[in-house]
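Working notes, beginning with the structure itself.
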Amino acid sequence: MTARERYSVIGKARRRVDGRAKVLGQTRFADDLTLPRMVHAKLLRSPHPHAEIVRVDTSRAAAWPGVLLVLTGADFPIGYGILPVTPDEYPLARERVRYVGDPVAAVVARDERTAEAALAAIEVEYRPLRTIADAADALAHPEPRLHAYSEQGNIHRLQALEFGDVEEALAGADRVFEDLYFYQGSTHLPIEQHAALAALEPDGRLALWSSTQVPHYLHRMMARVLGRPAARVRIVACPNGGGFGGKTDLCNHEFVVARAAERLGRPVKICLTREEVFYMHRGRHPVTMRLRTGVTQDGRITGMHLQTLLDGGAYASYGVASVFYTGALQAMTYEIPRYKWEGCRTFTNKPPCGPKRGHGTPQPRFAQEVQLDRIAEALEKDPAELRLGIVAKPGSLSTNWFRIGSIGLAECIDEVVTRSGWRGKHRRLPQGRGVGIACGSYMSGVSHPIYRNAMPLSGVQILLDRSGQVTVFSGATEVGQGSDDVLAALVAEVLGIGTDDVRCVTGDTALTPVDLGSYSSRVTLMMGNAAIAAAERVRGQLAEAAAAKLETTTEAIVFAEGRVFRTDDPARALAFHEAVIAAEERFGTLGAVGSYTPPPHTALYKGGGIGPSPAYSYTACVVEVAVDEATGWVSVEKVWIAHDIGRTLNRTLAEGQVIGSVYMALGEALMEEQAFRRLPPKLSDALVHRAPSMLDYKSPTALDMPEVDVVLVEDPDPNGPFGAKEVGQGPLLPVMPALANAVYDAIGVRIDEVPVTPGKILRALERKARGEPARVGPEHFPDVPYPEPLFVPPPWEGGDGREIRREVKLR
Amino acid sequence: MMRLPDFELRRPRTLAEAATILAGEGPAARPLAGGTDLLPNMKRRQQTPRVLVALGEIPGLRTFTNGAALAIGAGTTLAALAADTRMAQYGALAQAAARVASPQLRNQATLGGNLCLDTRCSYYDQSEPWRRAIGCCLKKDGDTCWVATASRRCVAVSSSDCAPALVALGARVRLVSREGTREVALEDFYRDDGMDHLVKRPDEILSAVDVPDAQGWRSTYWKLRRRGAIDFPVLGVAAAVKRDTAGTIEAARVALGAAGSRPFLVPQASEALIGRTLDDATIAATARRVAARAKPVDNTDFETRWRKDVATQLVSYALRELRGEDLGAIRRRF
Amino acid sequence: MNDSTRPASPREPCEFSVNGEPVAIACAAHVTLLEALREELGLTGTKHGCELGECGACTVLLDGASVLSCLVLAQTCAGRQVETVEGLADGPGLHPLQAAFADLGGSQCGYCTPGMLMSAKQLLAAEPAPDRARIREAIGGNLCRCTGYQQIVDAIAHAAAVMRGEPA
């Protein structure tokens, strides 16, 4: 990697490379694609939350005029799961349905209306089973068990890790704070509904164009489910009309249209309705939390103990990772000498939860940052100062052995404190107005693929020809975040050309090297490093050829502004394409590949593979609110946010990611809920989504969104491309707790739940008026059979990052 | 995509022609104005009329006259209504129209359509598969009201913004059928029955709304909803007062929307206001009496108890605005 | 009544103008303007996110007014003028709104962009110098999950200035 002080492409505010196509309406999303002889698929979904399938009769539907094919679970003997350890899904249910909306059968017909009409002719006989409605229900009712493989009853997964003796640390604290929190589930709600088009290509290979964030994982699993060699399957990730994690799982409909296209020899398309997108879900887990933290009188943490209980929904999805993420990233932000976390994910009869922006971390982050606000008040300290005193150190290891690289958190706190006028506002604004502060940290990509292997996590190929054209191939997926622009910008920066000179070919398993996908904020760092490696290789060839032409050494060659010239005599220069010609004459056809493998990580204990990242981003946020005490209505007046991005690659895009994160966060903080209605059990087994529509699921409008003041703090990380870290997820994390803290500053009540609704505020105010605790939140934490934790000494207590028997005393 | 079921589309050029079609086709035919309520309902298969009678090409339905009173063609779009300078005297209606849904929907939706809006319920405004997953409900294909399982009556909620505004303004509607035209006071146009909430017969077309002269009156509309756009009201308060030069109230009409299966006038408000001025005590007393009439049930957005709790506040905002307070900052928040 | 028990409605000819050019299609009564644009005319620039009038992605201009094409019957468009995102640019260059969206971050995933642009076009046709609050009102019916709207508001304000001939 080249460290340079001045850059010609990166860091500037710039039109993204795919910007023109988007504003012209020319970007081709999956549902915009049509092929000759294309037919359409619709899915029949379960009306029961939990039932055995007794019988499926498709004969009437198959005979329906215009229907070409009907598929059922019998057509898919092989199951799948995004994580290799939990392959618990089938494209169409076999034997059992587990939520209202679980796909049972599919009809393919000449048009969508015909397919839909014929669904009604499929007869399915069900034998209903007891409904498991939520996490508490799952703990109380081990039977009927949703999945036989679960850890016990309806507990999918239990996890417990302890880094140093936490009870001892709490006993040694001046004060111990114990609080309960609840974080409601929410969904991604990309404006684009998932769509997929499958076809047999002229050579007989199967191709699938889909709104997916993970073409590589889909490629592997499609081959397995269809029983085809992977080389005979092609997955094209279309530009996604928003993802936010909602398209990072494998979708039933993707396998269905692929199988149908195979059977019919015709292109088959499906586009989910909005309601079906709510059933696909894989969104934020509802999590109940207990957090105990010991502090010294001067505001330092002695130890922290976190318990989480997740409502996972009907299938595993990324659930094993999700439960880990509720604990794993808690120790990255502040100095926490000892840390213990216990997690539990339950199975319930609802659409599966999975990764939504921040995956598993916003919930415990909310708990910790609200609790820090309580701690600051109790210790009579300013909450910003308290945090500044405990910010984690650069180049250190976290309590749970993750390597922290650069950390610009203190600067982030300083920025938002200064810009918001924090010191003049906190505890000083008139009644009804308040400010709150919170921080957060997130990974720049997880250091492991979801299936264990020793291969690179991202590959980039670059091709130059004598016209001067530069084409870059990457498996990365453009979900709106700007990954194509990152790719073009990094290559252009290395080669001294403009982004317009770079053509990106991305997200096509038939054409592009493997990239694991757009999830865990991994693309900028991982694809970026691979792109730089590839570009630097061809630059080496160009430099050698140019040096010969210009009669100097390769070290004296500079690439800038579309020219290749001598640093000692800039007038002696080649146009970029002339340098390419010189190099092609010298070396033959020009091309190179680059790949990225993260540095080895130090968390060697069992489970230490979830959470390590090459670099962590940091964010601080101040939210100012006005709260109407008569109605409980919260108005967010302004948000100040500073994000340590390492290095900004495109200022316009980076700021857009930050503001967009604030937006999604405020939606969760104030109004969004993936909530369900359980009908009276005496009358009905029904458990249905309360609001599976854009009208009833409340995504804030332009009128509900405050202006956001963004600062990008640049503390380059040695592992990032030109020092860059992630910006797509981290900025979401501090917003919800900052808002809850601001509400407290405004009116003196604690809402220990997300969303913070006006109804909860009025209830808390009533309690306050009655002299009860001025709080709304969970009253008790359910009994969860957490196992004995794996005991790992933190780095400063010795050991090598592996678990030991607790009684063994190191040092 | 959500798609429409089959139907036959008729596009009459005159009101008489439309009335003849409706008379001939019976209840299987429905008038289609802006389509912003009916078409989503049809896509969800809540209603599947065999014939739609599009009213958009009937010129007379968009006329808008103001003599001593205001006569508004039922086909007037909400956008046109909100933007019309003649509406200045009818603050409640202008504000209500401007707060319906979104700019695009106001460009499409008509006043008549908003007044005939189907009652809404979170157990009913769902797709056909969703409704089947709960065994359907009283309002459509089922026999249980899931909002109140003991209820024999459908409690779906009237969600029109313009209806309470026009009730407060004392409007009347004209209903045209092949048999002629009848006029009905708007407050009598609605029944307290979520399944059958209009007195309009299937063969009748709501053609115009007559609003009495508002000389000396001042009116306003406050809408409670989650977001600054798109959402239906979870409570609507329309208030109109006529005061003498000393500020003493000579006449007052306060109506609530989204508080039951029909918009309704609250007579207790008039009793509490007439003969008094809009002082704090009067406002507080009136607001309490009006709010007592709001009996929200759990079939729309927000916690039911909260909707009940804040009704008093919303009414008092409306009355405070009528006495001339600048509540712009609070309004912007809601 | 079940769809299957009812005869399919016949396709009828329907002529209207799209982006200034006459088009003639034949469609059944149930076909919406959205479906006609995307599926009959191949104009897939107009998007859809709910088809129930709740998201704004399918916004087009009908006789100059922004409407949700998912709730307009194609047959009722006969003789009328439809404008879509494909008609915004005149020639190879971008319309000032398009250029501003592309340059200022008004478009991230790009899916809400066509509808957003059409709402903005109607606004600026009626009000050449809207303030930020007015811009937010005008796009209140267009949901965007990526941007938080701020850069969209920036872009519309900037385009308005350009269209008024003011130095940017």
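Semi-axis lengths, largest first, of the ellipsoid equivalent to chain B are 32, 25, 17 Å, with √(5λ) applied to each eigenvalue of the Cα gyration tensor. Need the C-alpha centroid separation for region B:202-267 versus region C:48-124, integer Å. When both Cα centres are located, 34 Å separates them. Taken over region A:575-626, the percentage of Cα pairs per 10 Å bin, counting from 0 up to the bin with the maximum distance, is 16, 20, 15, 18, 21, 8, 2.
Using a 10 Å cut-off on Cβ to Cβ distances, tally the other chain neighbours for every residue of A:479-486 and report the average as a whole number.
If you average over the peptide's residues, the count of other-chain Cβ atoms is 2.
Here r is the Cβ-Cβ distance between C:Glu12 and A:Arg419 and R0 is 60 Å; the resulting FRET efficiency, rounded to 0.05, is 0.45. Per residue, the convex hull around the alpha carbon atoms of region C:96-163 comes to 67 Å³. Counted by neighbouring Cβ atoms within 10 Å, the residues B:Ile283, C:Ile139 run from fewest to most as B:Ile283, C:Ile139. Within chain C, the selection of entire DSSP H helices by a Cα span of 15 Å or greater along the long axis and an average Kyte-Doolittle value of at least -0.5 returns C:113-126, C:150-163.
Rounded to the nearest 20, the size of the Cβ-charge dipole of the protein assembly as shown about its Cα centre is 1880 debye, with Lys and Arg at +1 and Asp and Glu at -1. Distant-in-sequence amide contacts of B:Arg276, defined by a placed amide H-H separation under 5 Å and a gap of 5 or more residues or a different chain, comprise B:Ile249.
Please check: in the Gaussian network model of chain C (C-alpha springs, under 10 Å), which one of C:Val82, C:Val60, C:Val31 has the largest mean-square fluctuation. Of C:Val82, C:Val60, C:Val31, the Gaussian network model singles out C:Val31 as fluctuating most. In region A:417-485, taking the dipole from charged Cβ atoms about the Cα centre, the farthest positive-side position among A:Thr418, A:Leu457, A:Gln431 is held by A:Gln431. Legend: translational diffusion of region B:126-192 by Stokes-Einstein, Rh = Kirkwood radius over C-alpha pairs, 10 °C, 1.306 mPa s; D = 108 µm²/s. Divide the volume of the convex hull around the Cα atoms of region A:337-460 by the residue count and you get 213 Å³ per residue. How large is log10 of I(q)/I(0) for region A:456-596 at q = 0.13, 0.14, 0.17, 0.19 Å⁻¹ when the intensity is taken from the Debye formula with one equal scatterer per alpha-carbon? Each listed q maps to, in turn, -0.52, -0.59, -0.82, -0.97.
The fraction of Cα-Cα pairs per 20 angstrom bin, counted from 0 for chain A, comes to 16, 47, 31, 6, 0 percent, rounded to whole percents.
Taking only the Cα atoms of region A:636-794, the ratio Rg/Rh comes out at 1.07, with Rh defined as the Kirkwood radius. Separation of region A:449-498 from region A:1-51 is 16 Å, based on Cα centroids. Overall, region B:199-249 carries a charge dipole of about 380 debye about its Cα centre when +1 sits on the Cβ of Lys and Arg and -1 on the Cβ of Asp and Glu, all other atoms neutral. Take the Cα of A:Val505, step 7 Å toward its Cβ, do the same at A:Ile390, and the gap between the two points is 5.3 nm. So which of A:Lys269/A:Lys356; B:Lys242/B:Lys308; A:Lys638/A:Lys768; B:Lys139/C:Lys47 end up more than 30 Å apart, counting from Cα to Cα? Over 30 Å Cα-Cα: B:Lys139/C:Lys47. The convex hull of the Cα atoms of region A:97-206, projected and averaged over all directions, covers 14.8 nm². Counting only DSSP beta bridges whose two residues both lie in region B:1-159, roughly 45 percent are antiparallel. When the Cα positions of A:Ser59, A:Val494, A:Leu765 are compared along the charge dipole of chain A, A:Ser59 comes out farthest toward the positive end, with charges on each C-beta of Lys, Arg, Asp and Glu.
Across all Cα pairs in region B:75-155, the calculated P(r) in 10 Å bins from zero up to the longest distance comes to 17, 33, 21, 22, 6 percent per bin. Taken over region B:194-316, the alpha-carbon convex hull comes to 136 cubic angstrom per residue.
Along region A:270-283 the Karplus relation, 6.51 cos²θ - 1.76 cosθ + 1.60 evaluated at θ = phi - 60°, assigns HN-Hα couplings of 9, 9, 5, 6, 4, 4, 5, 5, 4, 7, 5, 6, 6, x Hz to successive residues, with x for each Gly and Pro. Among complete DSSP H helices in chain A, those whose alpha-carbon atoms stretch at least 20 Å along the helix's long axis and whose mean Kyte-Doolittle hydropathy reaches -1.0 are A:362-378, A:523-549, A:651-670. Couplings 3J(HN,Hα) for region A:429-446, derived from phi with the Karplus relation 6.51 cos²θ - 1.76 cosθ + 1.60 (θ = phi - 60°), are 6, x, 3, x, 10, x, 10, x, 10, 7, 10, x, 8, 8, 6, 9, x, 7 Hz, where x marks Gly and Pro. Note on chain B: with a GNM built from Cα contacts shorter than 10 Å, the maximum mean-square fluctuation among B:Ala69, B:Ala29, B:Ala214 falls on B:Ala69.
Can you work out the PRE-style zone for B:Met195? Point 7 Å along Cα to Cβ, and I want the residues of region B:155-183 with backbone N under 17 Å. Residues passing the 17 Å test: B:155-158. Near A:Ala392, the amide H atoms lying under 5 Å from its own belong to A:Tyr334, A:Glu335; only residues 5 or more places off or on other chains count, and H is placed 1.01 Å from N. Legend: calculated FRET efficiency, A:Glu262 to A:His147, from the Cβ-Cβ distance at R0 = 51 Å, rounded to 0.05, equals 0.95. Annotation: amide H of B:Asn66 within the under-5 Å range of B:Ala71, sequence separation 5 or more or interchain, hydrogens built in the peptide plane.
Which of the trypsin sites (Lys or Arg not before Pro) found in region C:101-165 are in a DSSP loop and have at most 13 neighbouring Cβ atoms, other than their own, within 10 Å? Walk me through the intermediate numbers first.
On the way: sites: C:Lys121, C:Arg132, C:Arg134, C:Arg136, C:Arg145, C:Arg164; in loops: C:Arg145, C:Arg164.
Hits after loop and neighbour filter: C:Arg164.
Taking C:Ser66, C:Ser107, C:Ser17 in turn, the Gaussian network model of chain C (Cα-Cα springs below 10 Å) assigns the largest fluctuation to C:Ser17. Averaging Cα coordinates gives a centre for region B:297-321 and one for region A:725-761; these two points are 24 Å apart.
I need the helices of chain B that pass two filters: whole DSSP H segments spanning 18 Å or more by Cα along the axis, and mean Kyte-Doolittle score no lower than -0.5.
Correct list, ordered by number: B:304-322.
Modelled label positions at B:Arg152 and A:Trp796, each set 7 Å beyond Cα in the direction of Cβ, lie 7.4 nm from each other. Compactness ratio for region C:3-87: Cα radius of gyration over 2.2 N^0.38 Å (N = residue count) comes to 1.05. Taken one residue at a time, the phi angles of region B:243-253 give Karplus couplings (6.51, -1.76, 1.60, θ = phi - 60°) of 10, 7, 5, 7, x, 6, 7, 8, 8, 8, 9 Hz. Gly and Pro are set to x.
Each of A:Phe177, A:Pro87, B:Leu93 was placed along the dipole of the protein assembly as shown (beta-carbon charges, centred on the mean Cα), and the one lying farthest toward the positive end is B:Leu93.
Read-outs throughout are calculated quantities, based only on the coordinates presented, and are distinct from any laboratory measurement. Remember, predicted model here, so these are calculated numbers, not experimental data. Reconstructed Cβ throughout: ideal geometry from the backbone, glycine too, with neighbour counts over all protein chains shown.
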